[in-house]
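The values are calculated or read from the model by the stated rules, or taken from the named source; none is laboratory data. Just so it is clear, the structure is predicted and the values come from calculations on it, not from any experiment. Cβ coordinates were reconstructed from backbone atoms using ideal geometry, including for glycine residues, and neighbour counts include every protein chain displayed. Side chains included, ligands, DNA and RNA excluded: accessible areas come from the protein's heavy atoms. Shrake-Rupley method; radii C 1.70, N 1.55, O 1.52, S 1.80 Å.
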Amino acid sequence: RTTMKSLRFISAEAFVSNAEFARKSLGAVAHDLFPLLFKASYLLEQGEVIHDLVENWPLFDFNMGKLLGATLDYQEDLSHRTCSVCLESCLTGLRDYVLNQSSPYMKKLRVVDLTGIKDVEVQFCKCKKTMGRWARTQLLSKLCSELLVYLQQAQCNPGTFEISINVLIDLFVTERNYDLVVKALLKKCSCPLKICCVAFRSDNLSLQKFFYIIKLTDPSLLRKLEIVHNVHLEMEHLEMLFNSIHFPVLMSLTLPARTFNVRRFTATDEQMLAHIGEKMGEMTQLTELNMSFSILTGRIQKLLSPLKTPLKILDVSNCSLNHADMAFLANSFHANHLEALDLSGHDLPELYPSTFFKLLSHCSSVLRSLTLEDCNIQDTHVNMLILGLSPCQKLQEFKFIGNPLSSQALKHLFTFLCELPMLKNVEFPIPRDCYPIGITYPIDDTSLCRYDHQKYERVAEELNLILLQANREDVKASTPLFGSYDAAVQETNNELGAYLIKSFKETLEKFTTSFNKMS
C-alpha cells in the first residue's frame with residue numbers, strides 16, 4: 001500500500017536525500033519547514049540530517065508523536081519506526097543543541113516529547129536495528145550525565161546554563177540501567193536537559209531500588225506506572241507505596257503477579273486491602289488497572305468500589321474471580337465504559353455464563369479489545385458467544401487462545417467475526433482436533449507444541465480464506481502460542497532469563513542447605 005505524498009514532501013525528500021548539501025543549507029531554511037524536513041529525513045533514515053535538524057531546532061517544542069504522525073503532506077504514521085539510526089541521531093542532536101554556541105537560530109526549545117514513539121513487533125526501517133524503550137532510557141540518561149560533565153569542565157557560554165528543556169519520556173528501568181538513570185535523575189536540577197518521566201516501567205529490580213527511584217521520578221507527573229516482572233511487590237508494599245507517595249495524575253497502573261493473595265488473608269489484610277482501594281479512589285484520573293495472576297476471590301468489590309472514575313481498561317486475568325466478583329463487575333458503573341477487558345483463565349461458561357454476558361452487553365457499545373484465553377469455551381458455547389459479541393460493533397481485537405474449540409467451530413466463529421466492521425486482530429487457538437485424542441485443557445507447556453502442524457496449517461489457510469472471501473484482508477489472524485508480542489520483554493529477555501536462572505539457583509541452594517540440615 002502506497003501513501004500519497006504532497007509535492008512539498010517529495011521536494012523535502014529530494015532536499016534531504018543529499019545529506020552533505022542539506023546540512024550545509026540548513027541555515028537558509030525557513031523555521032516552519034523543519035518539521036517537514038524532519039519527517040522526510042526520518043523516512044529516508046538520514047541520520048546526519050536528523051542530527052543537524054534537532055541541533056538547530058528553531059521552534060518552541062519538539063513532539064516526536066506529532067512530527068512522525070499522519071500529516072497533510074504525508075499521511076503515513078512513522079511513530080512506530082523505532083529505528084536506531086534515527087533515534088540515536090535525534091538524542092545526540094538534542095545534546096548538541098545545548099552545546100552548539102554558533103547556531104544561527106535563537107534557542108527557543110522548551111519541551112521535547114518522546115512519549116509518542118510506539119514499540120511494535122515488525123520494523124520497516126532499512127537498518128533493521130531498533131532502539132526500544134529500555135535503550136532510549138539508557139541513552140538519554142547517559143547523554144544527560146555526559147552533558148553535565150562537559151559543561152562543568154569546558155568554558156561554555158553563560159547562556160548555555162540558562163537553557164532549560166523538559167524532556168518527556170517513558171522510562172524503563174531494570175537492574176542493568178538503574179545506576180545510570182538514578183545518576184541522571186539526581187542531577188536533573190543542574191542539567192539543561194530535564195528528564196520528565198511520564199510513564200515508568202520497572203522489571204528485575206529489588207524493592208529497595210524501586211522505592212528509591214520512583215521517588216526521584218517526580219510522581220506528580222506520572223501518568224502510567226508498570227511494576228511487572230521480578231519486582232517482588234506484595235500487598236503490604238503496595239500500601240506503603242500509596243501511603244508514602246501521591247500520584248495525582250496516574251491514569252494507568254499495572255501490578256506484578258501475586259501482589260494479592262486472599263487465600264492467606266487475615267483480618268489485618270482485609271483492612272489493608274480496603275485501604276488500598278481507598279487510596280486508588282483518590283487517584284481521580286485512574287482509568288486503567290492491570291492485576292493479572294493475583295488471587296482476588298470475592299474481593300473485587302472491596303478493591304474497585306472506592307474508584308470515583310470509571311475504568312476503561314481492566315485486566316483481571318487468572319485472578320480466581322467468583323460469581324460475586326463477576327456480578328459486581330457486570331453491575332458496576334465501570335461496565336458501561338470498559339474499552340479493553342481481559343478475563344482470561346476463568347471458566348466463563350461453567351461458573352457464571354449469564355453474568356459474563358450481562359457484563360459483555362453493558363460494555364458492548366465501547367468495547368475495543370476482548371481477551372478470553374483459557375476460558376474453557378467449547379463448541380457448544382460458540383452460538384452463545386456470537387450472540388454476546390454481535391452488539392460489540394467497535395471491537396478491534398479479540399484474543400481467545402487456549403480454548404478447546406474444533407476447527408469446525410472456529411470456521412463458524414470466523415464467519416461471524418467478518419461482520420464486525422472495526423475488527424483488526426484475532427488470536428485464535430490451535431484447533432482441538434489438531435491435538436492427540438484425550439488432551440486435557442488448559443494444555444501444559446510440554447504438550448503445547450505436540451499438535452499436527454500440517455493439519456493446523458490447512459485450518460489456518462481455510463480461516464484466512466473465510467476472511468478473504470468476505471473482503472476482510474484488513475484482519476490479521478494468528479496463533480501466538482506463547483503469548484502476544486511484548487516489546488519490553490523482547491528487549492530485556494536476556495536480563496530476564498539471567499535473573500530467573502539466578503533465582504532458581506538460589507532457591508535450589510536454600511533447598512539443598514535445608515535438606516542437608518535435616519539429614
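Can you sort Thr3, Thr174, Thr268 by solvent-accessible area, 1.4 Å probe, largest first?
The ordering from most to least exposed comes out as Thr268, Thr3, Thr174.
In terms of modelled amide H atoms, which long-range or inter-chain residues lie less than 5 Å from the amide H of His346?
Asn318
What is the Cα convex hull volume of segment 269-413 when expressed per residue in Å³?
For segment 269-413, the hull spanned by Cα atoms encloses 93 Å³ per residue.
For a quick check: with amide H placed at 1.01 Å from N, whose amide H comes under 5 Å from Asn204's, ignoring anything fewer than 5 positions away on the same chain?
Under 5 Å from the amide H of Asn204 lie the amide H atoms of His229, Asn230, Val231, each far enough along the sequence or on another chain.
Run the dipole for segment 7-131 about the Cα centre, Lys and Arg Cβ at +1, Asp and Glu Cβ at -1, nothing else charged, and hand back the magnitude in debye, nearest 20.
On the way: 14 positive and 16 negative charges, 31 e Å.
Computed about the Cα centre, the dipole is about 140 debye.
Under the rule of at least 5 residues apart or a separate chain, name every residue whose amide H is placed under 5 Å from the amide H of Lys476.
Answer set, sorted by chain and number: Asn425, Val426.
Quick one: which of Lys128/Lys188; Lys24/Lys188; Lys118/Lys142 span more than 25 angstrom between C-alpha atoms?
Beyond 25 Å: Lys128/Lys188; Lys24/Lys188.
In whole percent, what relative contact order does the chain give with Cα contacts below 8 Å and a gap of six or more residues?
Taking the mean separation of contacting Cα pairs over the length of the chain, I get 7 percent.
Report the dimensions of segment 233-313 along its three principal axes from the alpha-carbon atoms, largest first, rounded to Å.
Principal extents (largest minus smallest coordinate, Cα): 32, 25, 21 Å.
Under the √(5λ) rule applied to the eigenvalues of the Cα gyration tensor, what semi-axes describe the equivalent ellipsoid of segment 108-242? Give them in Å, descending.
27, 20, 14
Taking the alpha-carbon centroid of each part, what is the distance from segment 351-391 to segment 30-95 in angstrom?
Taking the Cα centre of each part, segment 351-391 and segment 30-95 sit 43 Å apart.
Going 7 Å from the Cα of Ala154 along its beta-carbon direction, which residues of segment 66-101 have the amide nitrogen within less than 15 Å of the resulting point?
So the set is 92-101.
When the solvent-accessible surface of protein heavy atoms is calculated with a 1.4 angstrom probe, in what order do His246, His275 fall, highest first?
From most exposed to least exposed: His246, His275.
Which whole-number percentage describes the relative contact order of segment 364-477, with Cα contacts under 8 Å and a sequence gap of 6 or more?
Relative contact order here is 27 percent.
Using per-residue counts of other Cβ atoms within 10 Å, averaged over each peptide, order 125-135, 283-293 from highest down. Could the numbers behind the result be given before it?
Working: 125-135: 16.5, 283-293: 18.4.
Highest-to-lowest ranking by the protection proxy: 283-293, 125-135.
Could you work out how far the C-alpha centroid of segment 198-261 sits from that of segment 170-188, in angstrom?
Using only Cα atoms, the two centres lie 15 Å from each other.
Mind listing the phi-derived Karplus ³J(HN,Hα) values for segment 338-355, rounded to whole Hz, using 6.51, -1.76 and 1.60 with θ = phi - 60°, and x for any glycine or proline?
Working through the residues one at a time gives 5, 9, 9, 9, 10, 10, 3, x, 10, 7, 4, x, 8, 7, 8, x, 5, 5 Hz.
Using the Cα gyration tensor of segment 338-481, with a ≥ b ≥ c the square roots of its eigenvalues, what is the shape: rounded (a/c below 1.5), prolate (a/b larger than b/c) or oblate (neither)?
Oblate shape, in that a/c is at least 1.5 and b/c is the bigger or equal ratio.
Do any trypsin sites (Lys or Arg not before Pro) in segment 1-74 lie in a DSSP loop with no more than 12 other beta carbon atoms within 10 Å, and if so, which?
Here the sparse-neighbourhood loop sites are Arg1.
How high is the relative contact order of segment 39-134, in percent, with contacts defined as C-alpha pairs under 8 Å that are six or more residues apart? Intermediate results must be reported in sequence, preceding the final value.
On the way: 139 pairs, mean separation 39.6, N = 96.
With pairs under 8 Å counted, the relative contact order is 41 percent.
Mind scanning Lys107/Lys224; Lys279/Lys302; Lys5/Lys129; Lys312/Lys476 and naming the pairs with a C-alpha gap bigger than 21 Å?
Among Lys107/Lys224; Lys279/Lys302; Lys5/Lys129; Lys312/Lys476, the Cα-Cα distance tops 21 Å for Lys107/Lys224; Lys5/Lys129; Lys312/Lys476.
Shape of segment 1-140 from its Cα gyration tensor (a ≥ b ≥ c, root eigenvalues): rounded if a/c is under 1.5, otherwise prolate when a/b > b/c, or oblate? Working shown, then result.
Details: a/c = 1.58, a/b = 1.12, b/c = 1.42.
Note, shape of segment 1-140 comes out oblate.
Show Met280, Met384, Met106 ordered by accessible area, largest first, where the area counts protein heavy atoms only and the probe is 1.4 Å.
Heavy-atom accessible area, descending, gives Met106, Met384, Met280.
Could you check the simple spin-label distance between Phe211 and Arg458, using points 7 Å along Cα→Cβ, in nm with one decimal?
Modelled inter-label distance: 6.0 nm.
For segment 165-179, in order, what is each residue's ³J(HN,Hα) by Karplus, 6.51 cos²θ - 1.76 cosθ + 1.60 with θ = phi - 60°, in whole Hz (x at glycine and Pro)?
Each residue of segment 165-179 in turn: 10, 7, 9, 7, 8, 8, 7, 10, 10, 10, 3, 6, 10, 4, 4 Hz.
Taking all protein chains in place and a 1.4 Å probe, what share, in percent, of the accessible surface of the chain do carbon and sulfur account for?
Carbon with sulfur: 55 percent of the solvent-accessible area.
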